[in-house]
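A.B. asks: This is the structure I have questions about; it appears just below.
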Amino acid sequence: YEDDRILAVNKPPHLSHHDDQSEHGIISLLRQQRPDGRLYGVHRLDRVTSGVLLLAKDSSTASALMRKFSKREVVKYYVAISHKKAKKKQGWVRGEMAKSRRGSYKLIPEKQSSSDCKEYAVSRYFTAGLGNLDLSSSLV
């Protein structure tokens, strides 16, 4: 999807958001394809995650969208398909996030949390069965 202020792209798996030592990230690759080269990331998807990545075309739109994400006014859905039965069927994961090695984030145990938390994760998981669907022949 694209309009005057927003670009939404389907990010493939195994592509970083930003450049790393070995390859360009999706932001750099998309900027190279634009005449003015301006795009602003408003949220991230992990390297291994595929899905819709929302980008702003100007700084004011980027600020407005980032505010929406930080206030949790944007609902995000993650869908995974597996041939195995889920170990935990559903529930909430909530907790503080802390910087980990190489700039990534990790969920920290509640016992180690602090009152000056800047990053907080809230995720809700659901599972649903596909019945007797045979995925081995439908995924090529």
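A.B. asks: What is the percent carbon and sulfur in the accessible area of the range 1-94, measuring with a 1.4 Å probe over the protein chains and ignoring ligands?
C.D. replies: 51
A.B. asks: Something else now. Pairs K57/K85; K57/K99; K11/K68: which exceed 30 Å Cα-Cα?
C.D. replies: The pairs that break the limit, which is 30 Å between Cα atoms, are K57/K85.
A.B. asks: Which chymotrypsin sites (Phe, Trp or Tyr not before Pro) in the range 1-81 pass both tests, a DSSP loop state and at most 15 other beta-carbon atoms within 10 Å?
C.D. replies: Y1, Y77, Y78
A.B. asks: Can you give the local net charge around K76? Use residues other than it whose beta-carbon is closer than 14 angstrom to its beta-carbon, Lys and Arg +1, Asp and Glu -1.
C.D. replies: Spelling it out: positives minus negatives among the neighbours equals +4.
A.B. asks: Counting only residues 5 or more places away or on other chains, whose amide H sits under 5 Å from the amide H of V52 once H atoms are built in the peptide plane?
C.D. replies: Under 5 Å from the amide H of V52: K11.
A.B. asks: What list of ³J(HN,Hα) values in whole Hz, one per residue of the range 3-20 in order, does the Karplus curve 6.51 cos²θ - 1.76 cosθ + 1.60 (θ = phi - 60°) give from phi, with Gly and Pro shown as x?
C.D. replies: 9, 5, 10, 10, 10, 10, 10, 8, 7, x, x, 6, 10, 5, 6, 9, 4, 10
A.B. asks: In addition: Starting at the first residue of the range 24-35, write each ³J(HN,Hα) from the Karplus equation 6.51 cos²θ - 1.76 cosθ + 1.60 with θ = phi - 60°, in whole Hz, x for Gly and Pro.
C.D. replies: 6, x, 5, 5, 4, 4, 6, 4, 5, 8, 9, x
The values are calculated or read from the model by the stated rules, or taken from the named source; none is laboratory data. Everything quoted here is computed from the prediction, not taken from an experiment. We place every Cβ from the backbone using ideal geometry, glycine too, and count neighbours over all the protein chains shown. For accessibility, only protein heavy atoms count, side chains too; no ligands or nucleic acids. Shrake-Rupley method; radii C 1.70, N 1.55, O 1.52, S 1.80 Å.
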